[in-house]
Amino acid sequence: MLKVILIGTGNISRFLYDVFISHPEVEMVQVVGRNEKALEYFSSSTPVSNSFEKLEDADVYILAINDNAIEEVSHRLNIKKGIIVHTAGSISIEVLPKHLRRGILYPLQTLSGIIPEKMREIPICVEAFDREDYEVLHQLALCISDRVERIDSEQRKQLHLAAVFANNFSNHMYYLASEICKDHEVPFDLLRPLIRESCNKIMSFSPYEAQTGPARRGDLSTLEEHLNMLTNKKLQQVYTTLSESIQSTYGKKL
């Protein structure tokens, strides 16, 4: 059984806690965080503390905190044994204290509102310097998901960048679409079946194959009409930039 301490009380910490607390191969030793109100979520089943200096002994110490705080907090921890890991996509393993056993446990998923039955599909990216440490983290990752990938820091940073394009930017496009609908009193709900179908399509086809629309077809009259319809200059810029990127991808020019 792996003894685990969670450091942090946000979404990732709650997600990991909910998985680990009922897993027969994991013993939740402690949850540590500054926010005493947030610690109440964990306190009914696990000892909690608001002191980073007073840690129990564990096999794995998981830093599930803000990216900017990882280096500072990790150097404050009084760890005598075990592996210290963080869960960030864009932060190198090198920021962790070099005198400690170090690793990464990065769930590649947006964790707010995730359906429990979908948890086993989440890719968990694991990194460690030592083979023995990697095996420990691999075992822990399998408690979360059936898909565990060995990914180094540089690959993980590139993967995180790709995830921003695939998830964060695409969601912002949905927001902009909803604003256009709102401005013209059209229900955004009418777009939901289209969005669902587009997401389903990408599960079977490559993004290159799945692309449709006026920029893909080279429909210049529609592109020009859309630009004339957009009175907001920022939206015009977004539309032009994305259309030019699509045209360039398929060897056409606006």
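The values are calculated or read from the model by the stated rules, or taken from the named source; none is laboratory data. Note that the structure is a prediction, hence the values are computed from the model and not measured. Counting neighbours? That spans all protein chains shown, and the Cβs are built from the backbone with ideal geometry, glycine included.
A few notes on this one:
- Summed over the range 1-16, the residues that are within 15 Å of Ala58 (Cα to Cα) and not aliphatic (A, V, I, L, M) give a count of 1.
- Residue-level check: of (1) at pLDDT 95 or above; (2) out of contact with any helix residue (DSSP H, G or I) (no Cβ under 8 Å at 6 or more places or on another chain), Arg217 misses just (1).
- Segments classed as strands (runs of 3 or more DSSP E), wholly inside the range 54-108, with at least 1 members that are of a type in the set (Phe, Trp, Tyr) and crowded, with 16+ Cβ neighbours inside 10 Å: 60-63, 101-107
Matching residues to (1) in contact with a Cys (Cβ under 9 Å, 6 or more places away or on another chain); (2) within 24 Å of Ser13 (Cβ to Cβ); (3) surrounded by 12 or more Cβ atoms within 10 Å (Cβ to Cβ); (4) outside the structural domain of Ser92 (by TED's automatic domain parsing):
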position	(1), (2), (3), (4)
Lys118	no, yes, no, no
Ile124	no, yes, yes, no
Arg147	no, yes, yes, no
Phe188	yes, no, yes, yes
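- Some residue of the range 170-180 being touching a Pro at 6+ places or on another chain (Cβ under 8 Å), free of Cβ contacts under 8 Å to residues at least 40 places away in the same chain and either farther than 30 Å from Val85 by Cβ or in a helix (DSSP H, G or I) (or both): no
- Among (1) within 15 Å of the chain's Cα centre (by Cα); (2) surrounded by 12 or more Cβ atoms within 10 Å (Cβ to Cβ), the one test that Glu179 misses: (1)
- Of the residues screened, Gln139 is one that is in contact (Cβ under 8 Å) with a residue 60 or more places away in the chain, among the polar types (S, T, N, Q) and part of a helix (DSSP H, G or I).
A quick yes/no check of all residues on (1) loosely packed, with under 13 Cβ neighbours inside 10 Å; (2) of a type in the set (Asp, Glu); (3) in contact (Cβ under 8 Å) with a residue 40 or more places away in the chain:
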site: Asn200; (1), (2), (3): yes, no, no
site: Ser206; (1), (2), (3): yes, no, no
site: Gly213; (1), (2), (3): yes, no, no
site: Arg217; (1), (2), (3): no, no, no
site: Glu224; (1), (2), (3): yes, yes, no
site: Leu227; (1), (2), (3): no, no, no
site: Thr231; (1), (2), (3): yes, no, no
site: Lys234; (1), (2), (3): yes, no, no
site: Tyr239; (1), (2), (3): no, no, no
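- Single residue of Lys54, Lys37, Lys81 found to be at pLDDT below 95 and within 19 Å of Asp133 (Cα to Cα): Lys81
- Residue in the range 25-40 that is in contact with an Asp or Glu (Cβ under 9 Å, 6 or more places away or on another chain), surrounded by fewer than 21 Cβ atoms within 10 Å (Cβ to Cβ) and part of a loop (DSSP other than H, G, I, E, B) present: no
- Filtered residues of the range 149-169 (kept if surrounded by 13 or more Cβ atoms within 10 Å (Cβ to Cβ), among the hydrophobic types (A, V, I, L, M, F, W, C) and in contact (Cβ under 8 Å) with a residue 60 or more places away in the chain): Leu159, Ala163
- Matching option when the condition is part of a loop (DSSP other than H, G, I, E, B), among the charged types (D, E, K, R) and within 27 Å of the chain's Cα centre (by Cα), among Asp146, Asp189: Asp146
- Of the helices (runs of 4 or more DSSP H) lying entirely inside the range 204-254, those containing at least 1 residues that are over 29 Å from the mean Cα position of the chain (by Cα) span 214-217, 220-229, 233-249.
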